[in-house]
Every structure is written in C-alpha cells, then in structure tokens.
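Values quoted throughout were computed directly from the atomic coordinates according to the rules given, and no laboratory measurement underlies them. From a predicted model like this one, the values you see are computed outputs, not experimental measurements. Neighbour counts run over all protein chains shown; Cβ positions are idealised from the backbone, glycine included.
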Amino acid sequence: MTVQEQIGHLADVPLQLEIELDRKTTPFAEILNWEVGSVVRLARSAGENLDVYVGGTLLGSAEIVIIGNSFGIRLTDFNWPA
C-alpha cells in the first residue's frame, strides 16, 4: 500500500503551508529606519531554493516560478517525514 493510499482519508484536512526565503535577526532601531525602497540583506544568494514547511515541519525545497502575472513555486526536493 502506498503512502497516498494509507493517508487518503486525510486528503481534505487543511494544513498551514509556509514558504520561507530566509530568516534574519535585526535590531529594532534598524527596522525603524526602513522605508519604501529599503533593501534588507539576507544570508541566502539569489537563485537559492526556498524552504517549504507544512504544519511547521520542513517538507522540502522549491524555486520561484512566474505563472502569468503571479508568482508560484516549483518543488525541487520533497522529503516526506518517516
């Protein structure tokens, strides 16, 4: 029996999906100086994958894609928890 068959009865359960580019700790004083057009330097480089979390658990990686006039993600790595 596949994983999909084993958990198929859970298919309609809503889950919180989070896509994370990076995290940064910044002093409040610096944030007060931000304005429209400010640039916040992150540790990741342009083109690096995003982290995909489901229910707070890292599930895989993704890249940004453009779909018409919107953004989306394409999964590049998927780690189903054991």
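Distance between the C-alpha centers of the stretch 31-48 and the stretch 56-82? Whole Å please.
Centre-to-centre distance over Cα atoms comes out at 22 Å.
Using Cα-Cα distances under 8 Å and only pairs 6 or more residues apart, what relative contact order does the chain have, in percent?
Averaging sequence separation for qualifying contacts and normalising by length gives 24 percent for the chain.
About the Cα centre, and with charges only on the beta carbon of Lys, Arg (+1) and Asp, Glu (-1), how big is the dipole of the stretch 14-78? Nearest 20 debye, please. Working shown, then result.
Working: 5 positive and 9 negative charges, 9 e Å.
Using Cβ point charges on Lys, Arg, Asp and Glu, the stretch 14-78 gives about 40 debye.
Using per-residue counts of other Cβ atoms within 10 Å, averaged over each peptide, order 36-44, 59-67 from highest down.
59-67, 36-44
Grab the DSSP H runs of the chain that are 4 residues or longer, score each as -39,500 (n - 2.57), total them, divide by all residues and round the 222 nm result to the nearest 500 deg cm²/dmol.
-2000 deg cm²/dmol
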